[in-house]
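Undergrad: Structure in structure tokens, see below.
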Amino acid sequence: MTRQMTGAEMVIQAFIDQGVDTIFGYPGGAVLPIYDEIFQQDKINHILVRHEQGAGHAAEGYARSTGKPGVVLVTSGPGATNMVTALTDALMDSIPLVCITGQVPTHLIGTDGFQECDTVGITRPCTKHNWLVQKIEDLPKILHEAFRIATTGRPGPVVVDIPKNIQFQTGTYVNHKDQAQTQYKPRVKGDDTAIREAVALMAAAKKPVLYTGGGVVNAGPAASRLLREFVKLSGFPITSTLMGLGAYPASGPNWLGMLGMHGTYEANLAMHDCDVMVCIGARFDDRITGRIDAFSPNSKKIHIDIDPSSINKNVRADIPIVGDVAYVLEDMIKVWKQTQPVQDKAALNAWWQQIAVWKAKKCLAYRKHSDVIMPQYAIERLYQLTKGHDTYITTEVGQHQMWAAQYFGFEEPNRWMTSGGLGTMGYGLPAALGVQIAHPDALVIDIAGDASVQMNIQEMATAIQYEAPIKVFILNNQYMGMVRQWQQLLHGNRLSHSYTEAMPDFVKLAEAYGGVGIKAERPDELDDAINEMIAVKRPVIFDCRVANLANCFPMIPSGKAHNEMLLGDASDDEIDTAIGASGKMLV
Amino acid sequence: MMIVAGQSQSAYFLEETSTVAETHTLSVLVDNEPGVLARVIGLFSGRGYNIESLTVSEVEHEKHLSRITIVTTGTPQVITQIMNQLGRLVPVHRVVNLTKSGDSIERELALVKVAGKGEHRVEALRLAQAFEAKTVDATLESFVFELTGTPADIDRFVNLMTECGLVEVARTGLAALARGKTGM
Ligand SMILES: Cc1ncc(C[n+]2csc(CCOP(=O)(O)OP(=O)(O)O)c2C)c(N)n1
């Protein structure tokens, strides 16, 4: 289809042609022509946020829960700079975002014009790619290429910066959907020889472990299905990073729980002691490996990733396979079925017995109290009481995030949105909004901390406006709990600025926004309160008062190896000396 | 198939890990579009890689292609990582490691200004002739020499010129191509 239209119309037309139904945005001078087009159409639903960062995280939540790209529209200058955190977050966690920013007219670029900033310069390191549109003729190609680049290969955020005069200019619009405009073409199919090699190595394994990550979720529902099939076929134990939770069900027989700094004892020890490690769509981040020179010292490593630069970046792979996880898993399953390998059953049995011994440690056990709600207990109850529902969970960043990952069981992919790579406090509430907009009838819960939730609390107003009944479940410990925990571990328990002296009344705050406030202070009132929250079909802030000084365990202290974990029953002495001088240098 | 411990059977058998820093010359073919150099340089500064020399110029006008030649140092693992990171940039078409792929020709051009009288002046001119440098400017008290050669040739020439009244030097950075009949 070829038509004459203005730049502003092209933006909307390209959205329509790309199948976009919802965008998140905030108006301003440099995007008014586009807002004028939005006003005159009804195909695209625009969600007016209260802060551009909120638009970014909402779009991330939308994207991660639907598998579609999230779309954002913001103005020049402060609109663009407010997006930087969300763009960086999306880059770190490989979330497809298309962000349109307005820019001052081309003749004013470089003059320090009002609300001018070097958007492409500022966002270059925090996008997969970005463009400053300089001619109306380029706009249709750039818009469609932006979607292609954001959504294919390793997904990520892109920015299209459009000067205001170009939004007004008229040009020829062509629908370039799925037509490559650049030579960018990610490799999706894994190398055949490497795949055969990998299957042979796995088939001979005595102590194998599958280590999966967000790449499995990003590769779409087929990848999770294939992963489950492969686990069944091989019988291997499986663990996952924070980002990959749900790709394999938490109730599955081969599940070891999450690995890494706050991962389970069994997952981390299996990683440490295995002889064959199969990393699928994960990237050996420092939160996973701990001390790198002590990381899984005796294993052969197979690494499947769509991004060649992830391979051999932190940990050397013996068999690297560049490709889309779904394609590679499909081929692996084929080769496994063809070759019908004879596994070393005795060795595998011994391995599972060893795992059972580690599991028996019950690393997630904690002491319950009858008068104070333990944060772990709150998550356990939340999980149990929401089980029959169509539930999506987002989180903020801190202890509550780790407890959510540890105590909430995820059965399906795309149900768990959390800021993993960047660790952005303030992510969860707007992300929940984005999820709820995409799934209006679902139960969407932001598991929050009292500090984090205040970073984008303004999006409560957006939730009210769009009748998005998100549930903000705050584990309120009065502290920046994770900071306090580190100060206890690393800095002689000197709690410098980690206590929140002036905490808002969250119940009244909810009411001030027009939502519902619920508070629970004692374990015996928790279930009723949670059930009330679930029943309310309006936005809720739930102030769950929990034990103030609880620590999040297990924990691999910075600078330590996987087999040097701190467990929940660790004595206080052990905690004070857990981290050596070099570990203190790490974050 | 039997997998022997400690011995990968992979066709992708990797180089042994070494912690010794090496100097490599990378040739990068990119779309000649605004900001492409900033992307490359930003990648190096952002990830803490070294740039010892960097040259860029359009090489195919119709296709809007530029060639960037980068000299960098790092362990083999870091060099591979640099190449992979460059490969991730959307405008990058190809990345070739000229140092690893075998024989290559490396050339640099320098303009070298010397000033002096008497014996110094005579010596400067003699050395310039020995290095086959061209004299591209002369006054009664100065010369500007143009020299093309490997970076090491130029280093040597410039070092000698410091004894002969060296005023200043401008160098282009490296241009490099693989030997033989095929392109990158
Ligand atoms: C934007 C941002 N600023 C600072 C931090 C550092 N940080 C990590 S966790 C944390 C405390 C979070 O406290 P809270 O939200 O109350 O959660 P809790 O740990 O108590 O569960 C802080 C300040 C961060 N991750 N993000």
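No value in this document is a laboratory result; all are computed from the given coordinates. Quick caveat: nothing in here was measured; it's all calculated off a predicted structure. Because the Cβ atoms are built from the backbone with ideal geometry, glycine has one as well, and the counts that use them run over all protein chains shown.
Undergrad: Would you please give the FRET efficiency between B:Glu22 and A:Ala360, computed as 1/(1 + (r/R0)^6) with r the Cβ-Cβ distance and R0 = 60 Å, to the nearest 0.05?
TA: On the way: r = 49 Å, r/R0 = 0.82.
Result of the calculation: an efficiency of 0.75.
Undergrad: If you don't mind, there's one more thing I want to ask. I'd like to know which of A:Ala529, A:Pro539, A:Leu549 lies farthest towards the positive end of the charge dipole of the range A:495-571, counting +1 on Cβ of Lys and Arg and -1 on Cβ of Asp and Glu.
TA: The residue sitting farthest along the positive end of the dipole is A:Pro539.
Undergrad: How large is the charge dipole for chain A, taken about the Cα centre, if only the Cβ atoms of Lys, Arg (+1) and Asp, Glu (-1) carry charge, to the nearest 20 debye?
TA: 1420
Undergrad: Sticking with this structure for a sec: Kirkwood hydrodynamic radius of the range A:421-570 from all distinct Cα pairs, in Å?
TA: 16.7
Undergrad: If you consider only alpha-carbon coordinates, what radius of gyration and Dmax does the range A:398-451 have, in Å?
TA: 11.2, 30
Undergrad: Can I ask one more? If you fit an axis through the alpha-carbon atoms of helix B:119-130 and take the longest principal axis of the Cα set of chain B, what angle between them do you get, 0 to 90°, nearest 10?
TA: In chain B, helix B:119-130 runs at an angle near 40 degrees to the longest axis.
Undergrad: For a quick check of your reading of the filter: which trypsin sites (Lys or Arg not before Pro) in the range A:1-88 sit in a DSSP loop and have no more than 12 other Cβ atoms within 10 Å?
TA: A:Lys43
Undergrad: I would also like to ask the following. Expressed as an acute angle from 0 to 90° and rounded to the nearest 10, what is the orientation of the C-alpha long axis of helix B:76-88 relative to the principal long axis of chain B?
TA: 80
Undergrad: Once you have the Kirkwood Rh of the range A:1-102 from its Cα pairs, apply Stokes-Einstein at 25 °C and 0.890 mPa s and quote D in µm²/s.
TA: Details: Rh = 13.6 Å.
So the translational diffusion coefficient is about 180 µm²/s.
Undergrad: Gap in Å between the Cα centre of the range A:89-131 and the Cα centre of the range A:527-555?
TA: Computed from Cα coordinates, the inter-centre distance equals 38 Å.
Undergrad: Taking the convex hull of the Cα atoms, report for chain B its projected area averaged over all directions, in nm².
TA: 15.2
Undergrad: Only loop residues by DSSP count here, and only those with at most 16 other Cβ atoms within 10 Å; note down the trypsin sites (Lys or Arg not before Pro) in the range B:18-81 that meet that.
TA: Answer in residue order: B:Arg47, B:Lys63.
Undergrad: Using the count of nearby Cβ atoms within 10 Å as a rough guide to exposure, how do A:Tyr26, A:Tyr427 rank from fewest to most?
TA: Ascending Cβ contact count within 10 Å gives the list A:Tyr26, A:Tyr427.
Undergrad: Scan chain A and hand back the longest stretch that contains none of the GluC sites (Glu not before Pro) lying in DSSP loops with at most 11 other Cβ atoms within 10 Å. Intermediate results must be reported in sequence, preceding the final value.
TA: Values: sites that count: A:Glu467, A:Glu501.
Here the longest run is A:1-466.
Undergrad: Let me ask something else. Going down the list A:Lys300/B:Lys181; A:Lys300/A:Lys334; A:Lys232/A:Lys362; A:Lys185/A:Lys334; A:Lys301/A:Lys359, which pairs span over 32 Å between their C-alpha atoms?
TA: Result: A:Lys300/B:Lys181 exceed 32 Å.
Undergrad: For every other residue with a beta carbon closer than 15 angstrom to the beta carbon of A:Thr101, add +1 if it is Lys or Arg and -1 if Asp or Glu, then tell me the sum.
TA: -2
Undergrad: Rounded if a/c is under 1.5, else prolate if a/b beats b/c, else oblate: with a ≥ b ≥ c from the C-alpha gyration tensor eigenvalues square-rooted, which is the range A:217-265?
TA: Since a/c reaches 1.5 but b/c is at least a/b, the shape of the range A:217-265 is classed as oblate.
Undergrad: Which trypsin sites (Lys or Arg not before Pro) in the range B:84-141 sit in a loop by DSSP (not H, G, I, E or B) and have at most 11 other Cβ atoms within 10 Å of their own Cβ?
TA: Qualifying residues, ordered by number: B:Lys117.
Undergrad: Could you point to the residue in A:Ala520, A:Tyr479, A:Leu490 farthest towards the positive end of the range A:430-521's charge dipole, with +1 and -1 charges on the Cβ of Lys/Arg and Asp/Glu respectively?
TA: The residue sitting most towards the positive pole is A:Leu490.
Undergrad: Helix-derived [θ] at 222 nm for chain A: sum -39500 (n - 2.57) over DSSP H runs of at least 4, divide by residue count, nearest 500?
TA: My calculation for chain A gives -11000 deg cm²/dmol from helical runs alone.
Undergrad: Scaled to the compact-protein estimate 2.2 N^0.38 Å, what is the alpha-carbon radius of gyration of the range A:291-349, rounded to two decimal places?
TA: Ratio of Rg to 2.2 N^0.38 Å for the range A:291-349: 1.38.
Undergrad: Only four residue types carry charge here, +1 at the Cβ of Lys and Arg and -1 at the Cβ of Asp and Glu. Report the dipole size of the range A:91-201 about the Cα centre in Debye, rounded to the nearest 20.
TA: Numbers: 12 positive and 12 negative charges, 64 e Å.
Rounded to the nearest 20 debye, it is 300 debye.
Undergrad: Could I ask something else about it? Mind checking the mean number of beta-carbon atoms from other chains within 10 Å of the Cβ atoms in B:37-50?
TA: Mean partner shielding for this stretch: 1.
Undergrad: In Å and on Cα atoms, what radius of gyration and Dmax does the range A:120-252 show?
TA: Answer for the range A:120-252, Rg first and Dmax second: 20.8, 66 Å.
Undergrad: Name the shape class, rounded, prolate or oblate, that the alpha-carbon gyration tensor gives for the range A:180-244, where a ≥ b ≥ c are the square roots of its eigenvalues, rounded holds for a/c under 1.5, and otherwise prolate holds if a/b is larger than b/c and oblate otherwise.
TA: Working: a/c = 2.45, a/b = 1.46, b/c = 1.69.
Oblate.
Undergrad: May I ask for the Kirkwood hydrodynamic radius of the range A:347-399, worked out over all distinct Cα pairs and given in angstroms to one decimal? Write down the numbers at each step before the final one.
TA: Numbers: mean 1/r = 0.0697 Å⁻¹.
After inverting the mean inverse Cα-Cα distance, the result is 14.4 Å.
Undergrad: Based on the alpha-carbon gyration tensor of the protein assembly as shown, what equivalent-ellipsoid semi-axes (square roots of 5 times the eigenvalues) come out, in whole Å, largest first?
TA: The equivalent ellipsoid of the protein assembly as shown has semi-axes of 49, 35, 26 Å.
Undergrad: Output the Cα-based Rg and Dmax of the range A:445-518 in Å, rounding Rg to one decimal and Dmax to a whole number.
TA: 14.5, 47
Undergrad: Rounded to the nearest 5, what is the percent of antiparallel bridges among the DSSP beta bridges in the protein assembly as shown?
TA: Restricted to the protein assembly as shown, the bridges split so that about 45 percent are antiparallel.
Undergrad: Evaluate 2.2 N^0.38 Å with N set to the residue count of the range A:352-482, then give the Cα radius of gyration divided by it.
TA: 1.11
Undergrad: For the modelled label position 7 Å from the Cα of A:Asp344 along Cα-to-Cβ, which residues of the range A:218-262 have backbone nitrogen atoms closer than 19 Å?
TA: A:234-238
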